[in-house]
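K.L.:
One structure follows; several queries about it will come next.
The values are calculated or read from the model by the stated rules, or taken from the named source; none is laboratory data. Because the structure is predicted, anything quoted here is derived from the model rather than measured. Quick reminder, even Gly has a Cβ in these numbers, built from the backbone with ideal geometry, and neighbours come from all protein chains shown. For the accessible areas, the whole protein counts, side chains as well, though only heavy atoms, and no ligand, DNA or RNA atoms are used. Shrake-Rupley method; radii C 1.70, N 1.55, O 1.52, S 1.80 Å.
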Amino acid sequence: MTSSTTTAPSAGILSRPYLVTTLGTTALVFLTAFESLAVTTVMPVVSADLGGRGEYATAFAATLAASVLGMVVAGGWADRRGPGRPLLAAIAVFAAGLLAAALAPTMGFFVAARFLQGLGAGGINVTLYVVVALVFPPALRPAVFGAFASAWVLPSLVGPFLAALVAQALGWPWVFSGVLLLVLLASAAVLPALLRVPPSAAAAGPSPRRRFVAAAGVAGAVVVLSSAGSAGPWRWVAAAAALAVLVVAVRPLLPPGSLTAQPGLPATVALRGLLAAAFFSTEVYLPLMLHERFGLELWLAGATLTAAAVAWASGAAVQGRLGHRLPHARAVRTGSALLLAGVAAQAVVAAVSPGAVVAGTACALGWFVAGAGMGLAYPRTTVLVLEQSPAGTEGAGSAALTISDATGGGTATALTGLAFGALGAVSAWAGFAGTLPLCAGVAVLALLTARRVSQGTHRRDTAVS
């Protein structure tokens, strides 16, 4: 394996020096994409089978919370020793979580399995970013991220449908078993090459114990927040305490000024968290609403996820091709506005409660718009942070971005889950009609924050596909 500092940048990502790394990293993105879409699709069946409707949101929030731990550990490890071994460890933990989910006898056990999946997925994500930073020269990084975006297309087309089909024909545990087999096969093919990726210039850096403690605090706070609904009359006290711990714990993991979205890099990191918060806290309820509230078949409910994922990949490809013609600031603002429109459409459907055909069509179209917005804005936040990360700290910079991503998504999912549980006790209509407008409110915050993201930096790569 040849590092990006010694290989001619004119070579393509499928040329001999980069071919195995490109195929391997893209395969891992493909599998994590498939798993994410499959789980979201079959969760209504899983929660009904295991009797865990009250822990529906926790199954998602716990995964995102655990990913923060995985990101911090893997990011620091990758900066010190190179990304190969932390990637191997992350894949092993992710595989263990898949196996545990397939064997889960109760919803509590399933949530714990999802926590393991989050640990592994967080480590995989951040180490893949480090691989890109260390192996590929700046001129090739847009093409690599374009391949990553393309790796979402096939899972988005077949993932929800295939997951629903397997769940109905064989049972939902086979969804996790199938993904596990694919992960093992892909890992065996690509890890020998990835283990040869060199360490970064920060190999002598100290062990990030304080960051680990902070990340553990974030993960614990999000899990407590997501399960506060079971605390009875003390639910709001528990939620307030968890939020306080979360704010204190996440602060040292992000660039100074991120929590108040100070202009520049802090606002970019904050925006990433708000984008994830608005999108994912909405998406987890769409299959449930369409399947149970409007009576759509599970595969039809999952088609809404397909629409968004295809639009996301298409939006990412479009902004990548536009390059300098679409400035960073305009990309994130336009994308945030489209996201708000898409989330607002789901809130309107939930409140108006039209017929099944109208509801399914409106949700799919609205979520397509939201996905296009994420495709425009999401990749540009990645490029901005990579541009501003000093050499040798790509792992820490990538970890900060993805920590904001996971913390935002996990916190919003936990809070909306708390609201969904309280309002759903009143009526099924109130659960969705009261929760989805909260998601739209988060999208408003994302749009306001996008206006504080500065156009560019002094570094050289400017667009990502």
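K.L.:
Tell me, what are the semi-axes, in whole angstrom and largest first, of the equivalent ellipsoid of the chain as set by the roots of 5 times the Cα gyration tensor eigenvalues? Please list the in-between numbers first.
P.N.:
Working: eigenvalues 208, 109, 102 Å².
Semi-axes, largest first: 32, 23, 23 Å.
K.L.:
Given a 1.4 Å probe and heavy atoms of the protein chains only, how would you sort I13, I403, largest accessible area at the top? All intermediate terms of the calculation are to be shown ahead of the outcome.
P.N.:
Numbers: I13 30, I403 0 Å².
Listed by decreasing accessible area, they come as I13, I403.
K.L.:
Also, quick follow-up: Angle check, please: helix 56-81 long axis (alpha carbons) against the longest principal axis of the chain (alpha carbons), in degrees 0 to 90, nearest 10.
P.N.:
The answer is roughly 10 degrees.
K.L.:
Not counting ligands, DNA or RNA, and with a 1.4 Å probe, what is S67's accessible surface area in Å² rounded to the nearest 10?
P.N.:
Estimated to the nearest 10 Å², S67 gives 10 Å².
K.L.:
Which FRET efficiency value, to the nearest 0.05, do you get for L365 and A92 by plugging their Cβ-Cβ distance into 1/(1 + (r/R0)^6) with R0 = 41 Å? Numbers along the way, then the final one.
P.N.:
Details: r = 41 Å, r/R0 = 0.99.
With R0 = 41 Å, the Cβ-Cβ based efficiency is 0.50.
K.L.:
I've got another one for you. Just add up the charged neighbours of T449: K/R +1, D/E -1, any other residue whose Cβ is under 13 Å from the Cβ of T449.
P.N.:
Net local charge, T449 excluded: +4.
K.L.:
Starting from the residue with the highest accessible area, list F60, F30 in decreasing order, probe 1.4 Å.
P.N.:
Numbers: F60 15, F30 60 Å².
Listed by decreasing accessible area, they come as F30, F60.
K.L.:
With +1 on the Cβ of every Lys and Arg and -1 on the Cβ of every Asp and Glu, and nothing else charged, how large is the dipole of the chain about its Cα centre, in debye rounded to the nearest 20? Could you put the intermediate results ahead of the total?
P.N.:
Details: 24 positive and 11 negative charges, 244 e Å.
Here the chain has a charge dipole of around 1180 debye.
K.L.:
A further question follows. Per-residue counts of other Cβ atoms within 10 Å, averaged by peptide: what ranking do you get for 336-346, 106-116, 120-130, highest first?
P.N.:
In decreasing order of mean packing, 336-346, 106-116, 120-130 become 120-130, 336-346, 106-116.
K.L.:
Between V357 and L14, how many nm apart are label points set 7 Å from Cα along the C-beta direction?
P.N.:
Once both label points are built, they end up 4.3 nm from each other.
K.L.:
Express the relative contact order of the range 257-456 as a whole percentage, based on alpha carbon pairs under 8 Å and six or more residues apart in sequence.
P.N.:
Working: 335 pairs, mean separation 78.1, N = 200.
39 percent.
K.L.:
Quick check: pseudo-label points 7 Å beyond the Cα along Cα→Cβ at S454 and V247, how many nm apart are they?
P.N.:
Once both label points are built, they end up 2.7 nm from each other.
K.L.:
Note the per residue figure in Å³ for the convex hull of the C-alpha positions in the range 17-196. List each step's numbers first, then the result.
P.N.:
Values: hull volume 17.7 nm³, N = 180.
Convex hull volume per residue, Cα atoms: 98 Å³.
K.L.:
How large, in percent, is the carbon and sulfur part of the accessible surface of the chain at a probe radius of 1.4 Å? Before the final figure, lay out each step's value.
P.N.:
Details: 12120 of 17190 Å².
Ligands and nucleic acids excluded, carbon and sulfur reach 71 percent.
K.L.:
Using a Debye calculation, one point per C-alpha and no hydration shell, please list log10 I(q)/I(0) for the range 257-456 at q = 0.11 Å⁻¹ in order.
P.N.:
Calculated log10 I(q)/I(0) at the listed q: -0.49.
K.L.:
Given a 1.4 Å probe, how much area per residue of the chain is accessible, in Å²? Could the numbers behind the result be given before it?
P.N.:
Details: 17190 Å² over 465 residues.
Ligands and nucleic acids excluded, the figure is 37 Å² per residue.
K.L.:
Please give the solvent-accessible surface of R251 in Å², to the nearest 10, using a probe radius of 1.4 Å with every protein chain present.
P.N.:
140 Å²
K.L.:
Continuing with the same structure: For the range 207-253, just list the percent of Cα-Cα distances falling in each 10 Å bin from zero outward, please.
P.N.:
32, 45, 19, 4, 0
K.L.:
A further question on this structure: Find out how many positive minus negative residues lie around V68, taking Lys and Arg as positive, Asp and Glu as negative, among other residues whose Cβ is under 11 Å from that of V68.
P.N.:
Numbers: positive: R211; negative: D405.
Net charge around V68: 0.
K.L.:
Any chance you could look up the accessible area of L31 with a 1.4 Å probe, heavy atoms only, rounded to 10 Å²?
P.N.:
10 Å²
K.L.:
Compute the relative contact order of the range 207-253 as a whole-number percentage, counting only Cα pairs closer than 8 Å that sit 6 or more residues apart in sequence.
P.N.:
On the way: 37 pairs, mean separation 24.1, N = 47.
Over the range 207-253, the number comes to 51 percent.
K.L.:
How would W172, W312, W236 rank on accessible area, largest to smallest, probe 1.4 Å?
P.N.:
The ranking, largest first, comes out as W236, W312, W172.
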